[in-house]
Amino acid sequence: MKKFFTEQLLAWNQEQNTRTMPWKGIKDPYKIWLSEIILQQTRVEQGLPYYEQFTTAYPTVQHLAAAPEEEVFRMWQGLGYYARCKNMLAAARQIVDTFQGQYPDTHEQIQTLKGIGPYTAAAIASFAFNSPHAVLDGNVFRVLARYFGIHTPVDSTAGKKEFAALAQSLLPANQSAVYNQSIMDFGAVVCKPQQPACLQCPLSAKCVAFKQQLVAQLPVKTKKLVIKKRYFYYIVLEYKDQVYIRKRTENDIWQNLHEFILIEMPGPINANELEAYTAFKEVMHNIPYTVQGISPAFKQQLTHQTIYSQFILLTAAKAPELAHYMAVPRARLNSYAFPKTITDFLQNKSLGLF
DNA sequence: AACCCGGGGAT
DNA sequence: ATCCCAGGGTT
């Protein structure tokens, strides 16, 4: 069963796999690494333009390591999971500082880099160095759960161990790069999450889930998604063509991105009445201002949160003294990274203010 | 072990 | 709405 699996998978790859990606088949560990970080929990189509931008702007790890953090974050803007960006930059500097600019070539060393876990270490080790480590990503979990009929939840510790051992046992040690590439492509193209192409699948004859009609039930996941709602009211305070922003530093969404003066409310309010709230008065207590306008509400759906944002535009009558905020000329806002909901606001010309 | 972290496409 | 995407880090 295992031998059939590996043989058929490699045959499918050779005969039917037409999936193409710019990083596929390359051997430069730096570019492989960039692609892997960008693609963590991110679809290939979404990550593709970012990969092109990063490899163009930073063709080597030395270029990336020397880049200003703000510039790198700006390039990452819109891709999400911003800790990846922070860790990527840290890893680039690790490589330059402690590995003499030479990308580490062993699985053990690779996994010491920031932002590289079991999956990414195996991917780089196999793709760049043909090292015999099986990748275990969402595709692999799904393909193996179905083909072998495994009901162990993939989001449990026991499941991760079981699937990791199975994946490793299937890996032909001298073909780790092509095998790892094949199983992920196969999961993305044939053994898809919804409506997999079982009738064209070269593995279906021995696929447990197919034979038992359990394809839709596998893989098993236990965690349930809880989505909380949050209500953000942003004060866009201007003084002499400068706008007040700050970097988010809390353990919360959008860490290291920038924002305007935020007042978060426990529930929705009428933005026209924001001035009456204590939180607003505390921020604006000795700043004379006039209201220039109030934006429509922006809604952003994240995986675990729904964010409702509204922007109140104020002009200060004298220079505001605001701790923790910096005054930035409007024309220079584009050198800072913002969350999607704020870039949406900045691009909304209906208010005529930006 | 449980929880947190974005944005977007498909259904 | 719900799921899931070339997952990793923190608590």
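The values are calculated or read from the model by the stated rules, or taken from the named source; none is laboratory data. What you see is a predicted model, and the numbers here were worked out from it, not measured in a lab. Heads up, the Cβs are rebuilt from the backbone with ideal geometry, glycines too, and the neighbour counts pull from every protein chain shown.
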Output for Cβ contacts, cut-off 8 Å, separation at least six or different chains, first residue more than 12 Å from A:ILE245 (Cβ to Cβ) and outside the structural domain of A:LEU262 (by TED's automatic domain parsing) in region A:323-349, second loosely packed, with under 12 Cβ neighbours inside 10 Å and modelled with pLDDT of 95 or more, reads none
Regarding region A:146-156, can at least one residue be identified that is charged (D, E, K, R), over 21 Å from the mean Cα position of the chain (by Cα) and at pLDDT 95 or above?
yes
Can you confirm whether A:PHE73 is in a helix (DSSP H, G or I), touching a residue at least 24 places away in the same chain (Cβ under 8 Å) and within 16 Å of the chain's Cα centre (by Cα)?
yes
From A:ALA57, A:ALA65, residue being surrounded by 15 or more Cβ atoms within 10 Å (Cβ to Cβ), more than 16 Å from DNA strand B (Cβ to nearest atom), closer than 28 Å to A:LEU333 by Cα and modelled with pLDDT of 95 or more
A:ALA65
Filter result (farther than 17 Å from A:THR106 by Cα, more than 15 Å from DNA strand B (Cβ to nearest atom) and surrounded by fewer than 16 Cβ atoms within 10 Å (Cβ to Cβ)) within region A:22-50
A:PRO22, A:LYS24, A:GLY25, A:ILE26
Of all residues in region A:274-311 being in a strand (DSSP E or B) and over 33 Å from the mean Cα position of the chain (by Cα), the one that is surrounded by the fewest Cβ atoms within 10 Å (Cβ to Cβ):
A:THR290
Please specify each residue of region A:122-152 satisfying the condition of being farther than 27 Å from A:GLN217 by Cβ and more than 6 Å from DNA strand C (Cβ to nearest atom).
A:ALA122, A:ILE124, A:ALA125, A:SER126, A:PHE127, A:ALA128, A:PHE129, A:ASN130, A:SER131, A:PRO132, A:HIS133
Can you report the number of residues in region A:68-80 which are surrounded by 16 or more Cβ atoms within 10 Å (Cβ to Cβ) and either within 10 Å of DNA strand B (Cβ to nearest atom) or outside the structural domain of A:SER35 (by TED's automatic domain parsing) (or both)?
4
When you go through A:THR157, A:THR106, A:THR112, A:THR98 one by one, which is the residue that is surrounded by fewer than 22 Cβ atoms within 10 Å (Cβ to Cβ) and under 30 Å from A:GLN217 (Cβ atoms)?
A:THR157
Quickly run through region A:198-234 and pick out the residues that are under 25 Å from the mean Cα position of the chain (by Cα), surrounded by fewer than 19 Cβ atoms within 10 Å (Cβ to Cβ) and more than 30 Å from A:ILE245 (Cβ to Cβ).
A:VAL220, A:LYS221, A:THR222, A:LYS223, A:LYS224, A:LEU225, A:VAL226
